[in-house]
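The values are calculated or read from the model by the stated rules, or taken from the named source; none is laboratory data. Owing to the predicted nature of the structure, the values given are computational and were not obtained by experimental measurement. Neighbour counts run over all protein chains shown; Cβ positions are idealised from the backbone, glycine included. For accessibility, only protein heavy atoms count, side chains too; no ligands or nucleic acids. Shrake-Rupley method; radii C 1.70, N 1.55, O 1.52, S 1.80 Å.
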Amino acid sequence: MGRIFATLLLTAFAVGAPWAAASAAEYEVQMRNKGTDGQAWQFEPAFLKIAPGDTVTFVSADKGHNSETTELLVPKDGTTWKGKINEPVKVTFDQEGVYAYKCLPHAALGMVGVIQVGNSVANVEAAKNAKIPGKGKTRLAELITQVGN
Ligand SMILES: [Cu+2]
């Protein structure tokens, strides 16, 4: 029985079983003191469009950063997260919509990011009105212009 089950499982993975999470894509966003475009305080890439079920891991390329969001910046029933400074945080996005997030120490300096999951833009206005100070607000508005179908 054990061997038959194992064989079935292997076959299922080989043909891409619908329940196998292996079909979901994984992305990495780096938290950096300076982006490759020369601008300081960056998530890179700062805009991502992904599919429901995909996973994004925020990793520290430099020290002193985190990634976090609040209920205001995510779709209804969307996941929220709050990464610790200098620690990677892995987020799986199941709910379609627009997710805005920030680095807590550097949000006012422009360190914000946007992830669009699927094609829903239902909450894009709320994301635009997110309470982010200073350069973060300008940068968020720029990133939101990339949201689309
Ligand atoms: Cu930062």
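Computed quantities for the displayed model
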{"quantity": "Average accessible surface area per residue within the stretch 24-144, 1.4 Å rolling probe, Å²", "calculated": "48"}
{"quantity": "Per-pair calculated FRET efficiency, R0 = 22 Å: Thr138 and Asp62 via Cβ, rounded to 0.05", "calculated": "0.50"}
{"quantity": "Förster-model FRET efficiency, 35 Å R0, Tyr27 and Ile85, C-beta, rounded to 0.05", "calculated": "0.95"}
{"quantity": "The stretch 26-73 - percent relative contact order, Cα under 8 Å, separation 6 or more", "calculated": "44"}
{"quantity": "Trypsin sites (Lys or Arg not before Pro) restricted to the stretch 28-84 and DSSP loop, no more than 13 other C-beta within 10 Å", "calculated": "Lys63, Lys76, Lys84"}
{"quantity": "Percent of beta bridges antiparallel (DSSP, the stretch 24-144, rounded to nearest 5)", "calculated": "60"}
{"quantity": "Whole-number percent relative contact order across the stretch 24-144, with pairs defined as alpha carbons under 8 Å at least 6 apart", "calculated": "25"}
{"quantity": "Residue-count net charge about Pro52 - beta-carbon cut-off 11 Å; Lys, Arg +1, Asp, Glu -1", "calculated": "-3"}
{"quantity": "Accessible carbon and sulfur surface of the stretch 24-144 relative to its total accessible area, %, 1.4 Å", "calculated": "52"}
{"quantity": "Dipole axis of the stretch 24-144 (+1 Lys, Arg; -1 Asp, Glu on Cβ), positive-most option in Gly53, Thr36, Pro75", "calculated": "Thr36"}
{"quantity": "In the stretch 82-149, the GluC sites (Glu not before Pro) that fall in loop regions by DSSP, at most 13 other Cβ within 10 Å", "calculated": "none"}
{"quantity": "Stretch gain in nm, segment Asp77-Ala122, where the contour uses 0.36 nm per residue and the Cα spacing is subtracted", "calculated": "14.9 nm"}
